[in-house]
Amino acid sequence: MLDAVLSRLETPASEAVTGLVPFVDRPLVPLPADRRASFETHLRQVVDNSFTETPEGSEPLPPKDDPDYAQRAADEAEEPSVLNAACIACRGDCCLPGGTHHAFLSARTIDRFRWRHPSARAKDVISYYLAALPDESVQGSCVYHGAFGCTLKREDRSSICNTFLCWFRRELDKDHARKPGYGEVVVAIARTHTQRQEEDAPCVRVVSVAEDGVLTEHTDLKLPALSDVELAPFHAALSAVHTVKEERKR
């Protein structure tokens, strides 16, 4: 499979940036009424917390550890193409915990929004975040996890959504730094790959990046069943990713 993609990119294997990521294939569904209500309650609470600290008509000050939100702005910058390819191939494994943590929105997130929109009233902020909810989102995932990724702008998301770099993306980023300007290939493999061996089982997704930055999803490529032994390192890394993220939320 890798050789097939590299031949299309005309890139030798020794020069290519390659990596594995998780595979998310949950369906898109309308947000259940109970989940929407729970999220809206949380949203109203964090907005209220922000406006209690800094009332309407006053501009929230940036946090002391990030004057003028310089670091936050840097975190919101566009990412390297190889990291975008990783997210396209995976389709949001790191977004799944956001489903039980209300998109990780906090009063600090709202403070940042108000700093950029000083005339915004509490009802304006609430209306904005509710309007950004997609008609359908990934089942059980973050309420903003839509068909093409997050439906919030990068600058309006929780900080962790822009700063979190899973183990898979960190490895790709390091490889990319060693081999800039070469073709890149990211393969997503489903956790259940060994149990789903039918010919057209949706267990793999391959995305490549050419030297000119063009991303391509290779929908014609399939992968034979892999043994549990072959998939063990991948599953171990995936478990570590979720452990780290849970620790960072505490």
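D124 contributes about 60 Å² of solvent-accessible surface, heavy atoms of the protein only, 1.4 Å probe.
How big is the dipole moment of the range 50-134 about its Cα centre under a simple scheme where the beta carbon of each Lys and Arg is +1, that of each Asp and Glu is -1, and everything else is neutral? Debye, nearest 20, please.
Working: 9 positive and 13 negative charges, 59 e Å.
In total the dipole reaches around 280 debye.
Roughly how many percent of the accessible protein surface of the range 119-171 is carbon and sulfur, given a 1.4 Å probe and a whole-percent answer?
Working: 1270 of 2480 Å².
Percent of accessible area from carbon and sulfur atoms in the range 119-171: 51.
Relative to the Cα centre, the charge distribution of the range 87-143, modelled as +1 at Lys and Arg Cβ and -1 at Asp and Glu Cβ, gives a dipole magnitude of about 340 debye. Grab the other residues whose beta carbon is less than 13 angstrom from that of E76, score K and R as +1, D and E as -1, and report the net. Counting the neighbours of E76, the net charge comes to 0.
Summarising the label geometry, the points placed 7 Å from Cα in the beta-carbon direction at S38 and D175 lie 3.7 nm from one another. Distance from the alpha carbon centroid of the range 126-184 to that of the range 21-95 works out to 9 angstrom.
Placing +1 on each Lys and Arg Cβ and -1 on each Asp and Glu Cβ, with no other charges, gives the range 27-80 a dipole about its Cα centre of roughly 360 debye.
Considering all different alpha carbon pairs of the range 136-184, the Kirkwood hydrodynamic radius works out to 13.0 Å.
Sorted by average packing, counted as other Cβ atoms within 10 angstrom per residue and highest first, what order do 59-67, 138-146, 170-178 take?
Descending packing order for the listed peptides: 138-146, 170-178, 59-67.
The values are calculated or read from the model by the stated rules, or taken from the named source; none is laboratory data. Source: prediction; values computed, not measured. Heads up, the Cβs are rebuilt from the backbone with ideal geometry, glycines too, and the neighbour counts pull from every protein chain shown. We work out accessible area using only protein heavy atoms, side chains counted, and drop any ligands, DNA or RNA first. Shrake-Rupley method; radii C 1.70, N 1.55, O 1.52, S 1.80 Å.
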